[in-house]
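Below: the structure, in structure tokens.
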Amino acid sequence: MLLFPILGIDIHYPSRLLSYWTPANIVISPINQHIFMVDMSFNRVLHLSPEAIYISTLNLPIEQSKFYSPLKLTIDLAGYLYVATGAYSSLAMIYKYRTTNDQLIKNISLPFYVPTALTISPINGDIYVATTDTKDTSIYVLNKNGEQINKFNTSNFSPPLSQPTALTMDKTAERLYVADRNDSTTGRIFVINSQTGRQLQVYINSNIYRPTAVIVDVNLNVYVADMATNCIIALTSNGTLIRTYTNSLYNPQGLTFAPYASLLLSDTLNNRLVLFDVISAKVLQIYSSHDPVLIAPRLVALLNSGDIYVNSLTDDIAYNILKKLTITNSSANVTQIINPKPHFGFPVGLALDTKNQIYVTDADIPYGYIHMFASNGTEIGRIYTNNPPLKNPHGIATDLQGNLYVADSGNVRVIKLLINGTIIQNYQTTPPLQYVYDVKVRDDGVVYISDTECACIYQLTNDGEQLAVIKLETQQRLVNLLITLFPSAASSDPDLLVTMTDPFSPQVNRYASNGTLIAAYTIPISASTSWKPFASVIDEKRRWLIVAESGGRIMFFDL
């Protein structure tokens, strides 16, 4: 049930993430020591300060609805950044950026589809880019204007070049170093003359199995990151092993020299950057995303201040807590933690009232209840119902008068109740409800109820008169049907945002009041991660759709 081929549907992609990193290629500007890093999970380039604090995300001129090859980076001595990638069935491109302001200043077309490695001459600015296109495993040489001036084929290498994964040059630009992943038991590093392609040397070492990055110092010592042996291998110019750097690395995929005789490494599957001392191999610093750590977030609610509440498992994955996040242009800070005692059982719904009191439905076994917190995080009490008691409650909403609305899934009902637990309305629909999942209330009191079994949204007046049944899809059933309303939608048939976590097509869809699909919010096809969106909320002041994603991220989409 993919939506991308449907004509007339606007597809929106995240403009910002609160997320951990999955770092891959990495370079440091020689001008100001700013770090540029490929975040592999979303195939994006992050601009970081020398202390690895987030500054910005580069705006790449690519179509997010296409699949792109992993981004490859290099930087020249003047501080210009080069980013290479290729879209499926489209020729690859190199994008040149001015790193002082992240401005794109040049596009360079390439005569092949998939760039696998990139470097630039420190002497004349010639660009070297490797490819493993079908029947074309080569290294192309371009001048600074992007014109091809040479090409090194597999025949330039002995044994033949197989899968080039990284390129670098020495200080004189006479030697080109090529990391080559081989299908045999060992990888290798070739050294060739950068002008003629004549092979000068090949390094084969038992620690080099799946090389992902290579750099060389002024003494021609070679440093190789290997994703299979999970280490950095340092070799002399004649191939003698100097040392290996490990420190519990996991799939390292990027390596560059940093100031003060140090190495900066992308420790990819540990989601961090590691700074090593070259001589002692001592770890000097570990950097990771400064965004708050969120584990399996599924709930999100918005305060008038622009702060948000989101749930997260504790670091030891023992139980859920609520975190209040203050969002700025460059960061997000945890400013409050709500951790009730006894702990949350299974929180599945979150709502705020006009006084910023917090309500959380808890589908604890065998019965459910509602946690009630003051705005300062103090638990006021728990709300229960009788005859029958709440059972597996999910969605929750409040109205302007402070009444609560609960999707009581286990009892197949949606109820309106006072905060003392007194039920004042039990909503009935035609056809009858089968599996209610969420409920939302408009400012004028109109109630929306989602039912996963019928793949529809029921619209009712506040006193229970059914106004419409909004059929969302042709499928008989949808998964985790969560509703988001535009806050200003007080009347006159507002659009609906509906989250579906169906594993085959997880996304947030925007529907007109008659059920017509008009937009979808999802992740880029070239992202190397999956996602599972749950609750979302709209920040009208900043024109954001904010989505809690159980993979550990909060995603922001421009409306």
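When the residues of segment 52-76 are filtered to those that are outside any loop (DSSP other than H, G, I, E, B) and of a type in the set (A, V, I, L, M), the one that is modelled with the lowest pLDDT is Ile55.
Quickly run through segment 222-250 and pick out the residues that are open to solvent by 20 Å² or more (accessible area, probe 1.4 Å), closer than 28 Å to Pro70 by Cα and part of a loop (DSSP other than H, G, I, E, B). Don't jump to the end; show me each part of the working.
Of the residues in segment 222-250, the ones open to solvent by 20 Å² or more (accessible area, probe 1.4 Å) are 227-230, 236-244, 246-248, 250.
Filter again for closer than 28 Å to Pro70 by Cα, leaving 227-230, 244, 246-248, 250.
Matches in segment 222-250: Met227, Ala228, Thr229, Asn230, Thr246, Asn247, Ser248, Tyr250.
State all residues of segment 77-102 that are assigned to a strand (DSSP E or B) and either open to solvent by 10 Å² or more (accessible area, probe 1.4 Å) or among the hydrophobic types (A, V, I, L, M, F, W, C) (or both); if no residue qualifies, say none. Outline the logic, then answer.
Taking segment 77-102 as the starting set, the residues that turn out to be assigned to a strand (DSSP E or B) are 80-85, 87, 93-98.
Those that are assigned to a strand (DSSP E or B) and either open to solvent by 10 Å² or more (accessible area, probe 1.4 Å) or among the hydrophobic types (A, V, I, L, M, F, W, C) (or both): Tyr80, Leu81, Tyr82, Val83, Ala84, Ala87, Met93, Ile94, Tyr95, Lys96, Arg98.
Going by what's in this entry, would Lys391 be described as free of Cβ contacts under 8 Å to residues at least 60 places away in the same chain, of a type in the set (Lys, Arg) and surrounded by fewer than 18 Cβ atoms within 10 Å (Cβ to Cβ)? Reasoning before the result, please.
Values: free of Cβ contacts under 8 Å to residues at least 60 places away in the same chain: yes; of a type in the set (Lys, Arg): yes; surrounded by fewer than 18 Cβ atoms within 10 Å (Cβ to Cβ): yes.
Yes; evaluated as a whole, the condition is true for this residue.
Of the residues examined, Val300 is not one that is in contact with a strand residue (DSSP E or B) (Cβ under 8 Å, 6 or more places away or on another chain), open to solvent by 50 Å² or more (accessible area, probe 1.4 Å) and not assigned by the TED database to the domain that holds Ala374.
The criterion of being surrounded by fewer than 21 Cβ atoms within 10 Å (Cβ to Cβ), acidic (Asp, Glu) and modelled with pLDDT under 95 does not hold for Asp126.
Taking the criterion of being in contact with a Gly (Cβ under 8 Å, 6 or more places away or on another chain) and hydrophobic (A, V, I, L, M, F, W, C), the residues of segment 359-399 that qualify are Val360, Ala363, Ile365, Met372, Ile383, Leu390, Ile396. When you scan segment 333-350, do you find a residue that is open to solvent by 20 Å² or more (accessible area, probe 1.4 Å) and of a type in the set (D, E, K, R), even just one? Yes, because at least one residue in segment 333-350 is open to solvent by 20 Å² or more (accessible area, probe 1.4 Å) and of a type in the set (D, E, K, R).
Hey, does segment 437-459 have a residue that's at negative phi, of a type in the set (Phe, Trp, Tyr), open to solvent by 10 Å² or more (accessible area, probe 1.4 Å) and part of a loop (DSSP other than H, G, I, E, B)? Working first, answer last.
Step one: of segment 437-459, the residues at negative phi are 437-444, 446-454, 456-459.
This time we only want the ones that are of a type in the set (Phe, Trp, Tyr), so: 437, 448, 458.
Adding the requirement that they be open to solvent by 10 Å² or more (accessible area, probe 1.4 Å) leaves 437.
When the remaining residues are screened for being part of a loop (DSSP other than H, G, I, E, B), the result is none.
No, because not a single residue in segment 437-459 is at negative phi, of a type in the set (Phe, Trp, Tyr), open to solvent by 10 Å² or more (accessible area, probe 1.4 Å) and part of a loop (DSSP other than H, G, I, E, B).
Of the numbered criteria (1) touching a Pro at 6+ places or on another chain (Cβ under 6 Å); (2) small (Gly, Ala, Ser); (3) closer than 27 Å to Val412 by Cα; (4) not assigned by the TED database to the domain that holds Ile423, the one Gly368 fails is (4). The residue that is modelled with the lowest pLDDT, counting only those in segment 347-377 that are within 16 Å of Asn320 (Cα to Cα) and assigned to a loop (DSSP other than H, G, I, E, B), is Ile365.
Under 23 Å from the mean Cα position of the chain (by Cα), under 24 Å from Leu46 (Cα atoms) and not in a strand (DSSP E or B) - does that describe any residue in segment 125-143? I'd like the intermediate steps shown before the answer.
Looking only at segment 125-143, we keep the residues that are under 23 Å from the mean Cα position of the chain (by Cα), and these are none.
No, segment 125-143 has no match at all.
Being assigned to a loop (DSSP other than H, G, I, E, B) and polar (S, T, N, Q), is that true of even one residue in segment 208-218? No, every residue in segment 208-218 fails to be assigned to a loop (DSSP other than H, G, I, E, B) and polar (S, T, N, Q).
Would you confirm whether or not segment 177-194 contains a residue that is over 32 Å from the mean Cα position of the chain (by Cα), more than 20 Å from Thr131 (Cβ to Cβ), open to solvent by less than 50 Å² (accessible area, probe 1.4 Å) and among the aliphatic types (A, V, I, L, M)? No, segment 177-194 has no match at all. Ile383 satisfies every condition listed in (1) open to solvent by less than 20 Å² (accessible area, probe 1.4 Å); (2) in the same structural domain as Leu294 (by the TED database) except (2). Restricting attention to segment 102-128, the residues being touching a Pro at 6+ places or on another chain (Cβ under 7 Å) and not β-branched (Val, Ile, Thr) number 2.
Considering only segment 490-559, give the strands (runs of 3 or more DSSP E) lying wholly within it that have at least 1 residues that are crowded, with 18+ Cβ neighbours inside 10 Å and in contact with a Ser or Thr (Cβ under 6 Å, 6 or more places away or on another chain). Reasoning before the result, please.
Values: elements: 496-500, 507-511, 517-521, 533-539, 544-549, 553-558.
Here the list reads 496-500, 507-511, 533-539, 544-549, 553-558.
The values are calculated or read from the model by the stated rules, or taken from the named source; none is laboratory data. Keep in mind that what you see is a predicted model, and the values were worked out from it rather than measured. With ideal geometry, Cβ positions are generated from the backbone for all residues, glycine too; neighbour counts draw on all protein chains shown. Please note that ligands, DNA and RNA were not included when accessible areas were found on the heavy atoms of the full protein model with its side chains. Shrake-Rupley method; radii C 1.70, N 1.55, O 1.52, S 1.80 Å.
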